[in-house]
Amino acid sequence: MMSLIVKPRPRSTGVDTRAGVRLACDLSRFGDAPAVWADDRWLTYAEFDRRIDDAAATLGRTRRLVAVPGLNTLDTLTWALAALRGGHVLLMSSGTETDAEILARYRPDVTIEQAGTSWAPRFHCEGSAHELHPDLALLLSTSGSTGSPKLVRLSAENLDSNAHAIAKYLSLDASDRAITTLPIAYCYGLSVVTSHLRVGAGIILTDLSVVDECFWTLAKRERATSIAGVPHTFELLERSGFHDRDLPSLRRLTQAGGRMPPDRVRRFAQSAAWDLYVMYGQTEATARMAYLPPHLAATAPETVGVPIPGGSVRIDPETGELIYSGPNVMLGYAERPEDLSRGRDITELRTGDLARVNRRGLIEITGRTGRVAKIFGLRIDLTRVEAQLRESVVTAVDSRLVVTTEGNLTRDDLEQLAVRCATTAGIPSCSVTAHCVAELPRLANGKPDLVSVRTLAAATATQVPQAAPACLDSLVLTFSQTLRRRDASPDDTFVSLGGDSLSYVSMSVRLEQQLGELPRGWHLMTIRQLSERIPGPSSVALPSTQVEPGPRDTSTRWAAIETSVALRAIAIAFIAGSHVGVFDIRGGAHLMLGIAGYNFARFHLSVADRFERLTRTTRSLMRFAVPAALWMATVALLTAEYSWGLFGVTFSDRPADAPEWRYWFIEVLVLSLVLAAALTAVSRLHRFERARPIAFALALLTVAVLVREVTRGPEGSGSMYTVWAAFWVFCLGWVIARLQGAAIPKRVSAAPTSATSRFIGEFVSSALIVALVPAFFDRPIRGVVVTGGLLVLVWLPQVHVPRVAAPFIGTLAAASLFIYLSHWQTYPPLADTPWLAFGVAVSAGIFINGALVTIRRR
């Protein structure tokens, strides 16, 4: 066999690309668009295409097996694409010992090797020493290879279809730029390149690590829009302060290559600065099989989502194994050179993963069918470990081994069993859990039912008593009951479970009973984090049916209540009391409108995905808009006092004393929420709001103030109560919420701000309140109520009230909207006795709210 370095040949007048991979053949159509950044400059697609064409001409028309090192350099990427363009079979190598064995066994016809400062092909024979199947285009080693030189055989259709599907669900376009964080010899890293080339996007080639500051300088300077990583990459990102980096061009993060802890998924997903795509794939399916849409990442972080476009999955009813079908499924494996002549061996892929599809239609990986586990990077033969333990079944759950054994063992016996298992497996004993069952579940043939055992093991592995706070279960139950979410878990937050301003009141009151004083930003803290604040020792978890956390100190007379909750209660009392005639303190409705804007920003804008924002706002809106509309329709139908004009009074010219204006607040609140949701759902505005939340809120407030000055009339006129004249109050509450997180302008976060930044935000909020509110109202009392209330909201996150009064204040706040709705009908018959009328009006609203809550629960 000959071995020689061949110099590049003159460019061919035309490379035969009929058998080539389409994405490698169509690059010239993107013209002068930036294609690849390397060696401190951008190559256009036209320039890159010429380089590939020259390399393809050098490789010749004889179809060969071409080995290219999978380095993130312009030369190696050029030769790889040239092989794919010319219809050759590309063998990607990464330089590992396994790859060395693969090269020795398969004997490529051509290897791309470094010659001086450049790379060139070394031809090992005149033609080809292999019989290559016409469909074969790419050979990759499997990520789970145990040293056996087994390759995955992929076709041109596999590569093209997978690149197209990835580009489609990631919404890639020519404006995107991906920076390489993974080697292109790895199927995930290669898929990043192919999916971006498929749409004419740019590739920033680098082998810098994400912990290297030079990497981030490059990413920012060249405006990277996408960063891909495996779970370890995201761990490094958190350690290196990624969340605080200023990366204005970054649009999306993608994660694959293994399961990432749900809490870390949620932390990255809850950022407002980018979209997080959690993905699932195997080399055997080219790269990707499923992805989790970004708007579901915060609420379903334990899943891998839905099949990619063009793919489908099913669960084997007998084994629980996930089976995937699609145009990206490999032709089959190659274990020796002769296998390169074989065509398609399989039509669907048995993934080796156990899975289930949850009630939301999302795929959840629950374990592996194989008897090999990977813990701390070590491949562990579970069968061999079991042989040393006798009558025990060892399963792997996430990054732990779980030993399940029969009998009634003591705690000491289980600990010794776990230590023996850890010693045999060669891993730390803290990564092994042992538990016993009365009888191991078995199949009809008497062998252990591994699926059932693994289900038991998964439940055991998640129970870590030494780290579980005493009342964690009770808090989960509280969230489940209050938000009516049976799927609530310790890693969920109030916002991720779909909480809104209506449920916030009842939730905060119940939590105060369990936790005492609530921390600032509790709605963005996980249930687990909240449970750590429960007073008293925490050694054993309470039963899930127990709601109260146990004995608590009842000597204190005071209870802490969220300021926004207390203000809602005070505002509705001012409204009803003033209308009844108990006193005359106006301004409560405008104060509640400001609180509504404050809560809109806190709850609905804490979600990154614009469609999820719209869905949550719509759901929250319907919770009170539908009952309100039914109540108002009934009033218009059954009484002569009102006309159907009470719907749309904002757009009417009715006089200020018309009865229909009594419901102005309901209409303005609904329209404000609709307007806010619509604005943040527009793609460009949504992106601006996510990147610059404070600037967006201030800009919206500025526009709303200008509109109010143009549209409002004197205080006695109805024009003062239209949405055009009152929307600014909603926007002011929005700004207050954003300025409370002024230390983190690029994203919405639960991370605490510094004292200085918080003070600056509070000072700016106060200045805006003082400048805008009093000047709007002709009657000073309104200005005092709204100004004072919003200032308290800014400076006092909580207020302390007598403990006996706390439940009533919470109930009053929760029922505020329905008190407002119903008091116009309930107090007039008792108007001669104002205090009685006031009590009846408030009680009626509380009763209606309670009835609606009961109906929704049922």
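The values are calculated or read from the model by the stated rules, or taken from the named source; none is laboratory data. Keep in mind the model is a prediction, meaning the values are calculated, not measured. Counting neighbours? That spans all protein chains shown, and the Cβs are built from the backbone with ideal geometry, glycine included. Please note that ligands, DNA and RNA were not included when accessible areas were found on the heavy atoms of the full protein model with its side chains. Shrake-Rupley method; radii C 1.70, N 1.55, O 1.52, S 1.80 Å.
Numbers for the structure displayed
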item	result
Radius of gyration and maximum dimension Dmax of segment 140-283, Cα, Å	15.1, 45
Sequence of TRP728, TRP644 when ordered by accessible area, the most exposed leading, probe 1.4 angstrom	TRP644, TRP728
Average accessible surface area per residue within segment 552-655, 1.4 Å rolling probe, Å²	40 Å²
In Å², nearest 10: area of HIS800 left accessible to a 1.4 Å probe	100 Å²
Per-q log10 I(q)/I(0), segment 82-121, q = 0.17, 0.21, 0.23 Å⁻¹ (Debye; single scatterer per alpha-carbon; no solvent)	-0.53, -0.78, -0.90
Heavy atoms of GLU667: accessible area, 1.4 Å probe, square angstrom to 10	20 Å²
Anisotropy class of segment 655-709 from Cα gyration tensor, a/c 1.5 cut	prolate
For peptides 578-587, 563-572, sequence by mean Cβ density within 10 Å, most packed first	563-572, 578-587
Shape category assigned to segment 592-732 from the gyration tensor of Cα positions, a/c cut at 1.5	oblate
Burial ranking of peptide ranges 345-351, 189-195, 525-531 (average Cβ count within 10 Å, highest at the top)	189-195, 525-531, 345-351
Accessible-area ranking of SER94, SER392, largest first, probe 1.4 Å	SER94, SER392
Principal axis box of segment 31-93, alpha-carbon based, largest edge first, Å	32, 23, 14
Cα gyration tensor shape of segment 230-293, rounded if a/c is under 1.5, else prolate or oblate by comparing a/b with b/c	prolate
